[in-house]
Amino acid sequence: MTVIDSIGARATDTPVVLPRLVVIGTGYLGATHAACMASLGYQVLGVDVDEQKLATLAAGGVPFFEPGLPELVRKGVESGNLRFTTSYAEAAAFGDVHFICVGTPQLLGSQAADMAYVDAAIDSLAPHLDRKVLIVGKSTVPVGTAERLVDRINALTPEGVDVELAWNPEFLREGFAVDDTLHPDRMVFGVTSAWAEQQLRAAFGPVLEQDVPVVVTDLATAQLVKAAANSFLATKISFINAMAEICERTGADVTDLALSLSYDDRIGGKFLKPGLGFGGGCLPKDIRAFAHRAAELGVGKSVSFLQNVDEINNRRRERTVDLAEELVGGRMAGLRVACFGAAFKPNSDDIRDAPALDVAHRLYRLGAEVSVYDPEAMANAKRVRPHLTFADSAFAAAADADLVVLLTEWTEFCEIDPAVLGTIVRQRRVLDGRHALDRNSWAAAGWEYRALGRRH
């Protein structure tokens, strides 16, 4: 058997057998976690109800874009450390530690998180368990979910079988998920016993050997950490975007303002990037679910500011369209607009709640002929916005354009030579929705440059 000699800060001199890991849910979080753990030498079994997704993974492919992940999946499959199944009975027989990595999307017609996938995972696994194991929640859930799941597990597990539940929130950034898994900046273990902590330390042994800070806490706190972190980051983004609106009204420059704030070490410069705002599958739905849960607990007023954070963020999309209209003289109908980007951020093909694609759609509704290009998100964008025109390259999108709008700050867009691009457009007008372009270079090439909150 494979053993490790150290399992982190509380390791003993006794070698610890590597536990066998089950990862339930093989979407973005689950596939990343499974492949990374397999790369560290663990035997990992991925579980999902989507047979097509499992077939892709078992063949060494990944059904979404994440740098570095396909290589790890192929390595895990080829080594035999990583396998996949639809069978919960097989998972129960195999695993010592079972990670719940299913999605918790926003509930249709509500601000709340949808717990159906989490509940289904527990309902499918628990009846098959026949020995003491640890179930570990990694999905982002409303506080109180773990306590409810303990009752559910106890009711469904066969009599005499001892199962414990822990919570280990994830902090993955799309585009950097592999590095965030293998080299996290911290880990949080929500546990109810020393045994559960020991199992978690064994399940992350090679990671913890890097002296990663570990916070050992209760279940409630562990569930709150991700929601609190995302709420803080979202607030910081919306704060600087609110300042951008003030700058526009007063003639100040939000970039200089953000730079000035960043030198205060109490504030720092991270997430003080003004622009189009946040999107994706985490921040928007997480802050809404957090506020909804706080209201259920009777303390909604304590986080009522999150509604303003959400509103400020969404208003950036409207303001971007307004600025585009100003830039072209007030009338968008009949003009050709090149939209650079569709994903909610670079190094991702995720278009969930993507500001970029929303702005492209709004420009289309104003009568513009909109041509969109994104290095990775084209297939997903075409699926949800089939009425838009999609180009094969940035230059193809910009051909004869009256306006170029940067909506996702992919490196290839930031490195475009504005002089060369200027030879194929109809009008040299650019709207930098992400404050990612070198304004001086574009102006020197004859472009009229505008960005939210910047002097022009």
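Results, tabulated for the structure shown:
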{"item": "Residues (of a type in the set (A, V, I, L, M, F, W, C) and over 9 Å from I135 (Cβ atoms)) located in the range 94-108", "result": "F94, C101, V102, L107, L108"}
{"item": "Yes/no for Y42 being touching a His at 6+ places or on another chain (Cβ under 7 Å), in contact (Cβ under 8 Å) with a residue 24 or more places away in the chain and either among the aromatic types (F, W, Y) or assigned by TED's automatic domain parsing to the domain that holds S348 (or both)", "result": "no"}
{"item": "Residue among S231, S238, S262, S304 that is assigned by TED's automatic domain parsing to the domain that holds L363 and either of a type in the set (S, T, N, Q) or within 26 Å of P105 (Cβ to Cβ) (or both)", "result": "S304"}
{"item": "Residue in the range 217-226 that is basic (K, R), touching a residue at least 40 places away in the same chain (Cβ under 8 Å) and in a helix (DSSP H, G or I) present", "result": "yes"}
{"item": "All positions within the range 325-349 that are surrounded by 24 or more Cβ atoms within 10 Å (Cβ to Cβ) and either touching a Cys at 6+ places or on another chain (Cβ under 9 Å) or not aromatic (F, W, Y) (or both)", "result": "V337, A338, C339, G341, A342, A343, S348"}
{"item": "Selection within the range 418-449 - of a type in the set (D, E) and over 15 Å from A338 (Cβ atoms)", "result": "D438"}
{"item": "Selection within the range 409-428 - touching a Phe, Trp or Tyr at 6+ places or on another chain (Cβ under 7 Å) and either modelled with pLDDT under 95 or under 21 Å from Y364 (Cα atoms) (or both)", "result": "R428"}
{"item": "Residues located in the range 351-386, provided they are in contact with an Asp or Glu (Cβ under 6 Å, 6 or more places away or on another chain) and crowded, with 24+ Cβ neighbours inside 10 Å", "result": "A377"}
{"item": "The range 12-27 - residue that is outside any loop (DSSP other than H, G, I, E, B) and modelled with pLDDT of 95 or more and, of those, farthest from D349 (Cα to Cα)", "result": "L21"}
{"item": "In the range 167-190, residue farthest from I122 (Cα to Cα) [restricted to those that are touching a strand residue (DSSP E or B) at 6+ places or on another chain (Cβ under 6 Å) and not in a loop (DSSP other than H, G, I, E, B)]", "result": "M187"}
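Results for (1) crowded, with 22+ Cβ neighbours inside 10 Å; (2) without any contact (Cβ under 8 Å) to a residue 12 or more places away in the chain; (3) acidic (D, E); (4) assigned by TED's automatic domain parsing to the domain that holds A202, shown as yes or no for each residue.
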residue	(1), (2), (3), (4)
I100	yes, no, no, yes
G103	no, no, no, yes
Q111	no, no, no, yes
P127	no, no, no, yes
R148	no, yes, no, yes
R152	no, no, no, yes
T157	no, no, no, yes
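The values are calculated or read from the model by the stated rules, or taken from the named source; none is laboratory data. What you are looking at is a predicted structure, and each value in this text was computed from that prediction instead of being measured. Reconstructed Cβ throughout: ideal geometry from the backbone, glycine too, with neighbour counts over all protein chains shown.
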